[in-house]
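One structure is given here, and the rest of the page talks about it.
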Amino acid sequence: MSATSNTVRFALPGWPWQRLLKPAVFIMALSPFIYLLHALLTGQLGPNPIDTLTDQTGTLAIRMLLISLALTPLRWVVKNTWPIRVRRMLGLFAFFYAFLHVGIYFVLDQQLDLAVLWSDLSERPFIVAGTVAFVILVPLAMTSTNKMARRLGKRWLSLHRGVYLAGTAAVVHYVWLAKGDLVEPFIYLAILLLLFAYRFVRLAK
Ligand code: HEM
């Protein structure tokens, strides 16, 4: 537990809420995966299942990432540490969905064909921003355990601040690729800017 969270008392309503928090969040975060798997196996993903899967997993990854980022300021707003208790789990779910998203794109869509990948990259440069986001998320997921946090000490905190960079690259990726209806990507951009503003104001204070 971080130094800041020591100063904020954990005050969720008593039993059973404290025990239910993590399993409830786990089930909520996993249920879209179960839904997608079911839709895939029962042929309910529309005429282009690979496109649907790419879009759905990308959206899930960015949502989980932004929610996990929002949990830190939420702790300050609610003056309670319960958001921190589920932050790592949601960060890992963001990675899980990003991993599926990237895997579906590389393996199912591009069939690991480097020439096809290269030409897609030159036609759709937004993929570079997605790659940056993913590359940042990998070491964060790999060092997310308490053991790694202890081993890396202060460097762990600096490394994990990279999650803001990953969030920015992911939002750039989405805003860049979006055509037509721009509402959703701009909502994510607004959320990201709000999170930056909140952190900035707190730092300034
Ligand atoms: C190697 C990394 C990545 C690659 C190659 C990649 C590739 C793609 C592709 C091909 C699409 C579909 C574009 C289209 O519909 O025309 C897409 C959409 C998307 N990606 Fe990625 N992506 C990557 C990483 C990420 C990451 C890390 C995130 C989020 C954390 C993300 C979030 C999204 C979102 C939100 C969409 C739009 C979904 C929608 O249209 O509803 N991507 N990505």
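Points to keep in mind about this one:
- Gain in span if fully extended, VAL78 to ASN48, counting 0.36 nm per residue against the direct Cα distance: 6.5 nm
- Pairs of lysine residues in segment 3-204 that meet both criteria, 8 or more places apart or on different chains and Cα atoms under 28 Å apart, total 5.
- Cβ-derived FRET efficiency at R0 30 Å, LEU177 paired with LEU41, nearest 0.05: 0.60
- Local electrostatic count at LEU177 - Lys and Arg +1, Asp and Glu -1, tallied over other residues with Cβ under 13 Å: -4
- In a fully extended conformation the segment linking ARG124 and SER144 would gain 4.0 nm over its present Cα-Cα distance, using 0.36 nm per residue.
- Here the simple spin-label model places points 7 Å from the Cα toward Cβ, and for LEU152 and ARG199 these points are separated by 1.4 nm.
- Helical mean residue ellipticity (222 nm; -39500 (n - 2.57) per DSSP H run of 4+; nearest 500) of the chain: -26000 deg cm²/dmol
- In the chain, Cα pairs under 8 Å separated by at least six residues give a relative contact order of 21 percent.
- Environment charge at THR59 (Cβ cut-off 15 Å; Lys +1, Arg +1, Asp -1, Glu -1): -3
- DSSP H segments from the chain that extend 20 Å or more along their own axis, Cα-based, with Kyte-Doolittle mean of 1.0 or above: 17-41, 126-142, 162-177, 183-204
- D (Stokes-Einstein, µm²/s), Kirkwood Cα radius, segment 3-204, 0.890 mPa s at 25 °C: 133
Every number in this text was worked out from the coordinates using simple rules, so none of it is lab data. Just so it is clear, the structure is predicted and the values come from calculations on it, not from any experiment. As a convention, Cβ positions derive from the backbone with ideal geometry for all residues, glycine included, and neighbour counts pool all protein chains shown.
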